[in-house]
Amino acid sequence: MYKKLIPCIYLYKGNAVKGFSDSTILDTNPAALGKFYGDNGADELIVYDLSEGDAEHEEALDIIKDICSETEIPVIGAGNVHRMEDIKKLLYAGCKKAALNYSKEGNIEITEEVSLKFGKDKIVTCISDVREITDNLELLEACVGELILVKERCIKEAIAVSTLPMIVSVPEVSLDKILELLSKDNICGISGYAINENAKELPAVKMLCQTNGIPVNTYSAKITWDELKLNSDGHIPVVVQDYKTDEVLMVAYMNEEAYNKTLETGKMTYYSRSRDELWVKGETSGHYQYVKALTADCDKDTILAQVSQIGAACHTGAHSCFFNEIMRKEYEENNPLRVFEKVFAVIQDRKIHPKEGSYTNYLFDKGIDKILKKLGEEATEIVIAAKNPNSNEIKYEISDFLYHMMVLMAEKGVTWEEITSELARR
């Protein structure tokens, strides 16, 4: 197991603010801030919902959903929990874990219920006073996966009374203090202002941790540079692929320094043969490529890099460098997700640009009740077709159902990416 560096977002009135009692706005786009943290080496993210009232809380949940979608690292949702339903809403919004606030008696009372319902590994507790641990130690050990110590003053006492994994929230502190805390056996992560303020330097902090024998999650290579087969110039070609869509984005080259720099920073770094220098993709344009995976081919003479692409990969402004078609033979696209995306794109276009005589526009014009009625009818048709020994009929009925389901998705603003992300989380 490795020790984690965990930034946090304090969410108030739609903005990321400085802290629990400081409403100074740090970012008006919390989802973009969450993505920034994830792209720069954070291991997890804690989002504290500081909203007031039910309406504001529902708006905050929508923002948390966006944060979970954009961030690409596990999110812990905390704040505004009063009953089991609130935990469910946080988890359904995409949070990997949800937090109970033990300074509120009602949160203590529902601990066992939410743990049995969702699993101990999905429940954490926020602790501000060591008595919240000592008074409920048996309950915590049975029902909770981790503790978040939100007050620095209770760290020493908490470590003494419990062996549960603890995330400690600390103000601005020295690197020596971070190393000291992470060296403690049951401190599994550091969060708070100290991490937020050093978000750009997290890879360097992790390197320092490694140097001091503290296990952290880094981009460590299973294949060393010496094991790769290089071309006559001492370089290796890199084919770059969008990790979400599998689209090939570009081809570039690495030398040993670029290879090591990529592993050190998590940002794709290449060697420019024409300029005879290293270049970090996106350093001038902001269109960074964040590493998801590096894989060598069978001969170890080419690297496939799967990346999270920010903006366009091509200097022309195109998403991919590969857009000059040489030839194309007509064929049917059978990749399931691409087919779904293509059909869904047509449905979305019909909603924006209505076409006379279009059945899709007929459904949109009739509204949600008509769409739901048709979806229910198609679901019934699937059940009837399933009783038929001929499998062709069920194939047709499922296709009809999926089409009507995509009309509903377009009507409600739900995308395939959101659906597949939810399925992947399950």
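The values are calculated or read from the model by the stated rules, or taken from the named source; none is laboratory data. The structure displayed is predicted, hence computed values, not measured ones. All Cβ positions, even for glycine, are placed from backbone atoms using ideal geometry, and neighbour counts span all protein chains on display. Each accessible area value is taken on the protein alone, full model and side chains, heavy atoms only, with ligands, DNA and RNA left out. Shrake-Rupley method; radii C 1.70, N 1.55, O 1.52, S 1.80 Å.
What to note about this one:
- Subset of segment 334-357 (residues that are on the phi < 0 side of the Ramachandran plot and outside any helix (DSSP H, G or I)): Asn334, Asn335, His353, Pro354, Lys355, Glu356
- So Lys117, is it part of a helix (DSSP H, G or I) and open to solvent by 70 Å² or more (accessible area, probe 1.4 Å): yes
- The set of residues in segment 254-279 that are in contact (Cβ under 8 Å) with a residue 40 or more places away in the chain and among the β-branched types (Val, Ile, Thr) comprises Thr262, Thr265.
- Considering segment 56-66, the residues that are touching a residue at least 40 places away in the same chain (Cβ under 8 Å) and farther than 14 Å from Lys97 by Cα include one that is surrounded by the most Cβ atoms within 10 Å (Cβ to Cβ), namely Ala60.
- Taken over segment 178-200, residues that are surrounded by fewer than 21 Cβ atoms within 10 Å (Cβ to Cβ) and under 19 Å from Ala16 (Cβ atoms) amount to 5.
- Count of residues meeting criterion [open to solvent by 10 Å² or more (accessible area, probe 1.4 Å), aliphatic (A, V, I, L, M) and closer than 12 Å to Phe118 by Cα] in segment 72-90: 1
- Scanning segment 302-313 for residues that are open to solvent by less than 30 Å² (accessible area, probe 1.4 Å) and among the hydroxyl-bearing types (Ser, Thr, Tyr) gives a single hit, Ser308.
- Filtered by the rule that a residue be among the charged types (D, E, K, R), in contact (Cβ under 8 Å) with a residue 40 or more places away in the chain and not in a strand (DSSP E or B), segment 1-53 gives Lys13, Asp39, Asp43, Glu44.
- Filtering Ile73, Ile67 for residues that are under 22 Å from Leu423 (Cβ atoms) and either assigned to a helix (DSSP H, G or I) or over 13 Å from the mean Cα position of the chain (by Cα) (or both) leaves a single hit, Ile67.
- From Thr125, Thr111, residue being hydroxyl-bearing (Ser, Thr, Tyr) and touching a Phe, Trp or Tyr at 6+ places or on another chain (Cβ under 6 Å): Thr125
- Residues of segment 226-238 that are over 29 Å from the mean Cα position of the chain (by Cα) and either among the charged types (D, E, K, R) or surrounded by 16 or more Cβ atoms within 10 Å (Cβ to Cβ) (or both): Asp226, Glu227, Leu228, Lys229, Leu230, Asp233, His235, Ile236.
- Scan segment 151-181 for residues that are outside any helix (DSSP H, G or I) and without any contact (Cβ under 8 Å) to a residue 60 or more places away in the chain and the total you get is 12.
- Matching residues in segment 376-392 - criterion: being among the charged types (D, E, K, R) and over 17 Å from Tyr403 (Cα atoms): Lys387
- Identity of the residue in segment 349-365, among the acidic types (Asp, Glu) and open to solvent by 80 Å² or more (accessible area, probe 1.4 Å), that ends up farthest from Lys412 (Cα to Cα): Glu356
- Scan of segment 132-162 for residues that are more than 17 Å from Ile76 (Cα to Cα) and touching a Cys at 6+ places or on another chain (Cβ under 9 Å), ordered by number: Glu132, Ile133
- Residues considered: Glu393, Glu378, Glu417, Glu397. Of these, the only one that is assigned to a helix (DSSP H, G or I) and either touching a Leu at 6+ places or on another chain (Cβ under 7 Å) or touching a residue at least 40 places away in the same chain (Cβ under 8 Å) (or both) is Glu417.
- Listing of strands (runs of 3 or more DSSP E) fully contained in segment 239-294 that carry 3 or more residues being of a type outside the set (Asp, Glu) and either open to solvent by 40 Å² or more (accessible area, probe 1.4 Å) or over 23 Å from Phe36 (Cβ atoms) (or both): 248-254
- Lone unmet requirement of (1) open to solvent by less than 70 Å² (accessible area, probe 1.4 Å); (2) at pLDDT 95 or above for Asp299: (1)
- Yes/no for Ala385 being open to solvent by less than 80 Å² (accessible area, probe 1.4 Å), in a helix (DSSP H, G or I) and over 24 Å from Val414 (Cβ atoms): yes
- Scanning segment 1-42 for residues that are more than 17 Å from Ile190 (Cβ to Cβ), surrounded by 20 or more Cβ atoms within 10 Å (Cβ to Cβ) and in contact with a helix residue (DSSP H, G or I) (Cβ under 7 Å, 6 or more places away or on another chain) yields a total of 5.
- Test result for Thr316, surrounded by 13 or more Cβ atoms within 10 Å (Cβ to Cβ) and under 30 Å from Asp39 (Cα atoms): no
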